[in-house]
Structure formats: C-alpha cells, structure tokens
1. Please specify each residue of the range 352-369 satisfying the condition of being in contact with a helix residue (DSSP H, G or I) (Cβ under 8 Å, 6 or more places away or on another chain) and not in a loop (DSSP other than H, G, I, E, B).
2. Can you tell me which residues in the range 104-126 are closer than 30 Å to I231 by Cβ and without any contact (Cβ under 8 Å) to a residue 60 or more places away in the chain?
3. Are there any pairs, at least 6 apart or on different chains, whose C-beta atoms fall under 8 Å, with the first in the range 85-103 and closer than 12 Å to L188 by Cβ and the second among the charged types (D, E, K, R) and outside any loop (DSSP other than H, G, I, E, B), and if so, which?
4. Against the condition free of Cβ contacts under 8 Å to residues at least 40 places away in the same chain, within 23 Å of Y570 (Cα to Cα), surrounded by 14 or more Cβ atoms within 10 Å (Cβ to Cβ) and not polar (S, T, N, Q), how does R470 come out, does it pass?
5. Could you check, for the range 324-334, whether at least one of its residues is under 29 Å from G422 (Cβ atoms) and without any contact (Cβ under 8 Å) to a residue 60 or more places away in the chain?
6. Check whether at least one residue in the range 595-603 is polar (S, T, N, Q) and out of contact with any Gly (no Cβ under 9 Å at 6 or more places or on another chain), and report yes or no.
7. Among the residues of the range 300-317, are any out of contact with any Leu (no Cβ under 6 Å at 6 or more places or on another chain), under 30 Å from E420 (Cα atoms) and crowded, with 19+ Cβ neighbours inside 10 Å?
8. Kindly indicate whether D171 is out of contact with any Pro (no Cβ under 6 Å at 6 or more places or on another chain), assigned to a loop (DSSP other than H, G, I, E, B), charged (D, E, K, R) and more than 24 Å from A108 (Cα to Cα).
Amino acid sequence: MRLIVPLLVSAAWAGVAAADPLYGIAMHGDPALAPDYQHFSYVDPDVKKGGEITYGVVGSFDALNPFVLKGMRSSARGLWDEIFGNLVYEPLMQRSRDEPFTLYGLLAETVEWDEDRTFVQFNMNPDAKWSDGESVTADDVIFTFNLLKDKGRPPYNRRLALVEKMEKVGDNSVRFTFNADANRETPLIFALMPVLPEHAIDPETFDTATMTTPVGSGPYRIASIDPGQRIVYERRDDYWGKDTPSMVGFANYDKVTIDYYLQDSTLFEAFKKGAVDAYIDEDPGHWARAYDFPAANEGRVVKDEFHPQTPTGMMGFVFNTRRPKFEDVRVRKALSDIFDFQWVNRTLFDNAYVRTESYWQNSDLGAYGNPATETERKLLEDAVDIIDPEILAGDYKMPVTDGSGADRKVLGAAVRLLAEAGYRISDGRMIGPDGNHLAFELMTTNAAQEKLALAYQHSLNLIGVGLSIRTVDDAQYQKRLNTFDYDMIVLVAPGFYYKSSLSPGAEQVWRWESRSRDIDGTFNFAGVASDNVDRMIDDMLEARTTEHFTDSVRALDRLLVNGHYMLPLYHREGQWVAHWSDIVPPAETPIYGYQLPTWWDASAQ
C-alpha cells in the first residue's frame, strides 16, 4: 500500500495552485480523515476474511447491466448496488458513510480542482486492474462517459452535458472542464461515476446485450447465474484494491449469493431456515411478533437495531401531476388530508410510526420545526406569497384525526377544499368541473402496499372519490414507472422511496426539476415542473457556506411540502436487520446507518 500525502488536505481551499493533488474531497468543508488515514472509522480493519453470505430479495432480474434503461430496475443486484455493495463495478472515488458528503481515492488515486470547481482532474491509480488483468486507465474513463452519453440511462447519459472539454492529461489522468450548467457538486458527482472497460465492451450492443457477463474492477466476479432466480459472486484473489484505505474492511466474504423470491413471506421463511443470512425488516408488527422460532429463541438469529443520524426521507403516495385530474394543488391537498394516519398507524402498525411532515425531517435541513429565516424568504422571492403561512413558520402539520377511520371534521374540510376547485357530490359520487366522476388508479406491487392502498380507498369512498387498486408484477411495475404510466404510485420501504441525506445535491434535479419531468427513467414520479423549485435546487447546488446551503434546502423543502406532490406517510426511529449470529456487523455505526459490505462471516476458517 502506498501512502498518499498531498500538499493540501482541504477540499475547500482558496488561493492554492490547482495542480496540488488531493487524497479526498468534500462538498462542504474538509475531509474528516487525515491524509495518512488507514481505513474508514466504522470498519473493522482486522476482520478475518472468508466464508460466505446469502442475501434474499423479492422480484426477479433479466439483465446484468445496471447502466442502461432496460436494466435500470431489473438488473441483478450486487453489480452496482448501494445496499449489497459495488461488487463488480467501482466508482472513481469511494464515499465515506460517516461524513455528509466526502469522497476518498479509489480508482482515482488523487484528484485536483480549483477553488471555483471549474474543472476536476482524476489521477488514476496505477495499481487498478480489471478482472481479466488489464489495467484501468484514463482512456477507460473517457470511454465510459462517451458510452453512457450515447447508450446509458439517466442520469449517466447527461453527465457530459455539463462538460466543455474532456481530455486525457499526462500518462494516466483525465480532466473535465465544466461549462456554465455545472455546479459546485458536479465534481463530486463525477467522482461517483462507474468506470467500464473499453477493451471488453462493444458499444454497438451495450444497451441490448444486457445479460453479457461483465468485466469489472471490483472485488468480485460473477461465478454463476440462474437467470431471474440467483446470482453468485466469488471474491477475486487478485483484487487490486484490497489494501487501498477506502476499501480496507470491505469485501469480507469469499462468496456472495443473492437469491430471488416471489414474495416477502417466502423470503422470510427461507431466512428462518438458514437459506438466507440477513433479513432487512421494515414492518413493525412483523419485527415485534415474527421471531418466535427456535433459531431466534436460542440466539442463533440476532435482531439488531441501528440508529443513523440522517433525515427521515419521504415515503408516501405520489400524485402523477401529468394527469389533468391532479393538476390543481387544492385537489392534491384534499386527497392527501383525508388519509387517516392515526387509524392506519393503530390498526396496521401498532402505533409504531411517526407521521412525516417534511422531506428532511429530524435534521437542521428540514422545514418542519424550523421557521423560515430572512435569508430563506429572500431566496424564495415571490414564492413566499404562495406558501402556506404555517409552512413558513415551520409548524405545519398534516391533519390529526380522531383515529376512527371516518373523522367527519377532516372529511368535511377536504370536501370544502374540493368544492373550491369546482367539485361537488352528486348521488354519492364526487363530480368534477368536467362533469366526470373523480376516480383514479393506484399501482402497487406487493401485499404491504396493498394494505395501505385499501386503507386509503376506504377514506376516499367516504367522500365519493373512486380508487381502483392495480397490483402488477415487478417487471410491469418497472416498465410503467420508467414511462410514468400511472395515476398514482406508493413509495415505501423496503422498496423505492425518497431517501434524504445530509448533503442533498444533484439527485434532487432528477426528482423534482422541470428538465426531468418528461425524460423516461428519471425519479420525477410526480411530474413536478416549477420555476421556483428549479431555482431553489440551483441555489442549493451553488451554495458555498453551510448556512446558505441549509437555507436553500429548507426553502426547497417548503416548496415541495406546499406543492402537495405526495401524500406523506410515516417514518420510524432506527433500522432493523435480523441476521444469523455468524454474520457480524462492525461495532460502530456510521451516520448513514449500517453498511452491509462491511459485515463478515465469523465462522470463516
């Protein structure tokens, strides 16, 4: 292992030549770890590697390429995976999960930029090798950006739109000079890009030959595949990065297996029998009552609770505002307000959840509990006049019902708001200004979502609004999600939902900005197109101080809450993972919560 000691240790450095290489960069402030750091603070560097782990997921897969639209949500897990790890492909730099947004060298050994971040230069690690023994080079980086521009899915296919010039520098460095559309986060987003092997990919078939076994630089290679059912990875004995500080304590198993199940109940039964080693539990009732079986009672299965220090994020029902029936914010608010959270929380979840009122709740970034500062009001400009005063004051809350499932006061308020939008009840049906019955379809994929949908349907029926529930298989769901072919969807864990970090950035563009509204495959499921939202995202991305950044995120939060693009659901404290006792997590939990790739098999010999 070579020790990289740069001339600078700060990621925000003024008045210093751009040619000084950095070992780490941060969105705001300095990297927490020193230049001579040996490993991330939350890993066990002395773990004995070996053994194996089997994960289980619900669904199927029909692709081995997570970077194209066809494989966007149907690619095999583990190739490029936030949960199970980037087993095959690697980014230029590795993110520390114990800092808001800080990156350290990986495929790029060091990085260079200027104070204004008008460019970034990645100096490749000369030790980096592909699984076939070829070196990872700057040419591979250039190839990857060009390939994904032409053949990749969002957001990878739009990275070069921010680049004025991409060029190879020296023997093994690549420099990106940015145009006016880039922002201060852009260099960090580029550092998180995957790198693909030019010598092992045919650009002509890249987006069609999605089951081709890949060549990667990561710690694992694919050992076997049972399409749609199972994928098995084996650790590379020749993995180039095993001693790289940002990878120490990771990739601890000799074999990683990911099995697919048709439904969660079947997956849990497999876990109870020992066919699956870890089970991520999101159901409070299940967590409280489902572990009365011999292995759990005898201590061979362990229930662990982890406590991240991150915002809540947002789970909920999403209105597709591309549909005319959801264009009016008053309609969205009324249809949100009648959801009886108190009833649902008591009857379905043993009162285990807390209502979510903000996209960044439980943090300084959230609007909930934090009144708008004068700086925020200036940032919002004329939008201040359209935001609910309670939202500006930070004390806005969703309606609290009597928990009966039919609170007449809440229902009456929703009916009056709909009347303002031109709706009336006739013969027990809510009739719109166009004379048609207000009715829509909610798309779900599993039993847990169906339970929530049925509870919502009950409330809607009470005011004459029609809701049909359509449960589709995973493949159809992903296809319709990619093309925004739905009236409403429900986003809840453990599937997709809007996670929030302590350093929101470019991902907000692809969730809420106007430019993402009509591009297939983005995460703008609500179809948001608001000049105010666009402006606030831009301001957030250009913020240079922590105070300015906080104000801009809070202002964005207020705009999203005020827009009622989602019917907010709930959150709970802690993360729950049950696992067999020979699978062991590190003693320290980083601020973003548990990280499965740092766990190990204690039974390894």
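1. Listed by number, the list holds a single entry, R355.
2. Selection gives M124 alone.
3. Taking only residues 6 or more apart or on different chains, the pairs are F101/R95; T102/R95; L103/R95.
4. Details: free of Cβ contacts under 8 Å to residues at least 40 places away in the same chain: yes; within 23 Å of Y570 (Cα to Cα): yes; surrounded by 14 or more Cβ atoms within 10 Å (Cβ to Cβ): yes; not polar (S, T, N, Q): yes.
In short, yes.
5. Residues of the range 324-334 under 29 Å from G422 (Cβ atoms): 324-334.
Add one more test, that the residue is without any contact (Cβ under 8 Å) to a residue 60 or more places away in the chain, and what stays is 324, 327.
Yes, the range 324-334 contains a residue that is under 29 Å from G422 (Cβ atoms) and without any contact (Cβ under 8 Å) to a residue 60 or more places away in the chain.
6. Checked against the condition, which is being polar (S, T, N, Q) and out of contact with any Gly (no Cβ under 9 Å at 6 or more places or on another chain), the range 595-603 yields no hits at all.
7. yes
8. no
The values are calculated or read from the model by the stated rules, or taken from the named source; none is laboratory data. All values derive from a computational prediction rather than experimental measurement. Positions of Cβ are generated from backbone atoms using ideal geometry, with glycine treated the same way; all protein chains shown enter the neighbour counts.
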